[in-house]
Structures are given as C-alpha cells and as structure tokens.
Amino acid sequence: MADTVYDVTTWPGATVSPYTDIGRVINEIIADIKSRQTTQNTRPGAVVYIPPGHYDLLTRVVVDISFLQIKGSGHGFLSNAIRDESSTGSWTEVQPGGSHIRVRNTDGNKEAFLVQRAGAPTTVGRLNSIVFQDFCLDGVSSSKPYSPGNSKIGISVQSDNDALRFEGMGFVYLEHALIVKGADAPTFTNNFIAECGSCIELTGASQVARITNNFLISAWAGYSIYAENAEGLHVSGNSLLWAANITLTNCHRASISANKLLSNFPSMIALLNGSSGSLVSGNHFRRVYGDGTSTRFDDHFGLVHINGSDNAVSSNQFSFQVPAENIRPAGASPTIVLVKGGDSNYLAVNNIVSNVGVKVVLDAASTATKILYSARSAQLDAYTTNYSLVATP
C-alpha cells in the first residue's frame, strides 16, 4: 500500500509547520491513514518519521489506530535540571537534541500523546503493536521535586492494548513520563527518563510486561516504576537513580533482578497489598544521603518492604551509607528489609554493608518467614515468634 511512511517535515497534507505544532501534523497524518485504510483487511498501519530538529507540540496527539510506529532519530537527552541550575553561557548546546519535541500544550490537555480508541475492547478490539521510538518529549520547565510538578504527561495509554513498545525514548521535565493502562505484553527498553515526577506506571492491570535496560531518574514524591494488579512483570538491567523506587501493589509472580538502585530516600522496592510469589534477586541497593528530603517514608520503612506472601529476596547487595544525623526518625536503626505482613517469605544470602547499625524487621503480621544468611542475630528485630533464622556468622 502506498503512502504508509510519513515524514512530518515533508508531508504535503499538513496545514501547519511541524516546527510550530507537530501535534496537529501527526493528528492530520493519522486522519489520512484512517481515510486510506478503511476495512478490516486493509489496515497494515504506517510509520510517522520525525527527523532531528526542535518541534513544538501545542495540540495533543490522539493515537486511535493499531500498527502505528512513531519514530525519530535519537532521543537527544540533555539534563534540563543541570541546565537550569548552572551558568550556561559557555555551553555548546543548552537544550535536548535529536528528534526533540517540546510539550507546550495550548489546547487544555495534559498529554503529549493519548493512546485511546472509543468503544469497549469487545466491540472495537484492542490497540495493537504501537511503537514509540527514538525521540524526546521535553516538558520544557518544572520545579523540584517535579511531582506534583507541571501536570504534563508524556504518553498516556488508556485503551486496552497488546504488544506496545517504547524504545530509545527520552523524557524530561514531565510530571508523568509514561502511563500505560490495561497492558498485555508491553516492552519498555533502552529509554532515558529523568527529572520526571514518575517514570513508568502500569495502571489498571497488566500481564507479562517487560521493563529492561532503562535509565530511570525520578523524584521522591513519584515512582521509578509503579504497577498495580500486574501478573508476571519482568524488571531487569535498569539503572534507577535519585528516588530509585519500584512499587508493586497487588502484583504477583514478578521478577526483579540485576538492577542498580541508587537512592537518596527510603523505599527502593515495595511489594504491597498482598503482592505474592515474586523474586527480588541479584540487585545492588545503595542508599546515600543527598539532595532533597522525603516526607513520604522514614528509615523504618525499609529499602525493601514486603506486605505479601511467598516472596523471595535473595543474593542482593545492600549498601547503606547515610550520616547518623540524617537518619529519620532521629536515633533510629534504619531498616534494610521489612516484612510487614504475609506468609512464607524467604530471605537468603543477602549481604549488608552499613556505616550505622541497621535491622531486618519482621512485624507481628508476618508468619513463617525464613531468613538464611541475610542478617546477623543482632540485626534481626522480630515482633513475632513464627519465623526461622540461620544467622549470618
């Protein structure tokens, strides 16, 4: 089928320059695709290409067709916070590059891209195989801690969907970078998300989502990764910084492995609301003191917080390096792992290095927890007798 690859800078059907309002141009391209692909058997989708350049987005893009690829030629990330806090007179460049979209939204909407099709999935079907790749969404301005921030959203997916991909993207200065609802087998890989309130949020319910090899730098008031009602989530090979926070609520059989988490704040992995059967293994947790103060959690919350059953926390490295005077509440022994509640959780062969006395804590609502070489006897605070301990020598 002809005319299935559209360059936003050369497509003759545009009624405005893409540099003035790329959102309007992409909406016009989507309308053209729909006018040409009109039956069930003639919908192969299309590619929208964004060449390197600086584009303003004034109008929200609504993606309501499947098999659409929106691609650029590089996310061109540049730290806006470093720019805004530094003297830039001698810099060679002062804003992100590559295929760079400035999210200015003068149409009253919060999202740069809304992925949504009217009608229930049983009548219109899911949205399938949509790809966002290799361009930058820049919220232009914000103030710390970026959440509640500037209320801007990079990409919001609000229809049930299958096999969506987000690859090589850059997100900066957005309150929410990526929100994906009702996801089946989405992929988030090689993205650079920084100085946003929250990075990746899986809402509603999802299954077998894969989040791999991303840089995720979020504010203390938001989340690096948030998922609710998820089944089989796979999180691996990510670098999470500043408020390195993975929060799962009512999620089951997740695998969280080989991630580097460096945080200025408590709560780095939280399994909440009955999250069960998950594996947390081979991660490096480093807790330091630095920029900003969290009012959401204190150091009793734990770097790993568990309120669910049958979870395994194994072969992780915990490094706690916070000056004693900066621990909250004052004088507390910080918690490394807190088993808040649940049955038959398993902590095995975890290594703890700390500059102050720290604890592994079992609350009274926990039962049958097994702890093997994951705490010295003096490091365990148990408010229950229903546990087994093989102490670290």
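Based on the Kirkwood radius over alpha-carbon pairs, what value in µm²/s does the Stokes-Einstein equation return for the translational diffusion coefficient of region 28-101 at 10 °C and 1.306 mPa s?
106 µm²/s
Measure off, as a whole percent, the carbon and sulfur share of the 1.4 Å-probe accessible area of the chain, all protein chains present.
50 percent
Can you give me the distance in nm between label points at Ala163 and Phe297, each placed 7 Å from the Cα along the Cα-to-Cβ direction?
Calculated label separation equals 3.6 nm.
Please give the helix 18-36 orientation as an angle from the longest Cα principal axis of the chain, in degrees from 0 to 90, rounded to the nearest 10.
80 degrees
Subtract the Cα-Cα distance of Ser35 and Ser143 from 0.36 nm times their separation in residues, and report this length gain in nm to one decimal.
Extending this stretch completely gives an extra 34.6 nm.
Obtain the radius of gyration and the Kirkwood radius of region 90-152 from its C-alpha atoms and give Rg over Rh.
1.09
Please work out the Cα center distance from region 362-385 to region 50-124, rounded to the nearest Å.
47 Å
When ranked by the protection proxy of mean other Cβ atoms within 10 Å per residue, highest first, what sequence do the peptides 65-75, 5-15, 246-256 form?
Per-residue Cβ counts within 10 Å, averaged per peptide and sorted highest first, yield 246-256, 65-75, 5-15.
Taking only protein heavy atoms and a 1.4 Å probe, what accessible area per residue, in Å², does region 181-290 have with all protein chains in place?
27 Å²
To the nearest 20 Debye, how big is the dipole of region 1-83 about its Cα centre, given +1 on the beta carbon of each Lys and Arg and -1 on that of each Asp and Glu?
Dipole magnitude for region 1-83 comes out near 180 debye.
If the only charges are +1 at each Lys and Arg Cβ and -1 at each Asp and Glu Cβ, what is the size of the charge dipole of region 161-201 around the Cα centre, to the nearest 20 debye?
Using Cβ point charges on Lys, Arg, Asp and Glu, region 161-201 gives about 40 debye.
Which entries in Lys144/Lys340; Lys181/Lys260; Lys34/Lys71; Lys110/Lys144; Lys110/Lys260 show an alpha-carbon gap greater than 24 Å?
Pairs exceeding the cut-off: Lys144/Lys340; Lys181/Lys260; Lys110/Lys260.
Give the value in nm², to one decimal: projected area of the alpha carbon convex hull of region 301-393, averaged over all directions.
Taking the Cα atoms of region 301-393, their convex hull projects to 5.3 nm² on average.
Determine how many Å³ per residue the convex hull of the Cα atoms of region 1-61 encloses.
77 Å³
Tell me the per residue accessible area of region 1-66 using a 1.4 Å probe; a whole number in Å² is fine.
Result: 47 Å² of accessible area for each residue.
To the nearest whole percent, what portion of all C-alpha pairs in region 1-129 is separated by more than 19 angstrom?
55 percent
Rg/Rh for region 62-215 to two decimals, with Rh computed the Kirkwood way over all alpha-carbon pairs.
Here the Rg-to-Rh quotient is 0.99.
Apply 1/(1 + (r/R0)^6) to the Cβ-Cβ distance of Glu231 and Ser87, taking R0 = 56 Å, and write down the FRET efficiency to the nearest 0.05.
0.70
Taking Cα pairs under 8 Å and at least six residues apart, what relative contact order does region 143-228 come out at, in percent?
Rounded, it is 29 percent for region 143-228.
Given the -39500 (n - 2.57) contribution per DSSP H run of 4+ residues, what per-residue ellipticity at 222 nm results for the chain, rounded to the nearest 500 deg cm²/dmol?
Taken over the chain, the calculation gives -2000 deg cm²/dmol.
Using a 7 Å offset from the Cα along the Cα-to-Cβ direction at both Asp184 and Tyr19, what is the distance between the two label points in nm, to one decimal?
Distance between the two pseudo-spin positions: 4.4 nm.
Whole-Hz Karplus ³J(HN,Hα) for region 121-128, in order, using 6.51 cos²θ - 1.76 cosθ + 1.60 and θ = phi - 60°, x for Gly and Pro?
My calculation for region 121-128 gives x, 5, 9, 10, x, 6, 8, 10 Hz in order.
Let me know the Kirkwood hydrodynamic radius for region 206-327, please, with Cα pairs as the basis and the value in Å to one decimal.
After inverting the mean inverse Cα-Cα distance, the result is 14.2 Å.
Per 0.36 nm of contour for each residue apart, how much would the distance between Thr9 and Ala365 grow if the chain were fully extended, relative to their Cα-Cα spacing?
122.1 nm
Per 10 Å bin, what is the whole-percent P(r) computed from every C-alpha pair distance within the chain?
5, 23, 29, 21, 13, 7, 2, 0
Less than 16 Å apart at the alpha-carbon level, and either on another chain or at least 8 residues along: which aspartates and glutamates does that give for Lys359?
Filter leaves Asp298, Asp299, Asp381.
What accessible surface, in Å², does a 1.4 Å probe find on Val235, ignoring ligands, DNA and RNA and rounding to the nearest 10?
So the heavy atoms of Val235 present about 0 Å² to solvent.
The values are calculated or read from the model by the stated rules, or taken from the named source; none is laboratory data. The structure presented is a predicted model; accordingly, all values stated were derived computationally and were not measured. Glycine gets a Cβ as well: all are built from the backbone with ideal geometry, and neighbour counts include every protein chain shown. We work out accessible area using only protein heavy atoms, side chains counted, and drop any ligands, DNA or RNA first. Shrake-Rupley method; radii C 1.70, N 1.55, O 1.52, S 1.80 Å.
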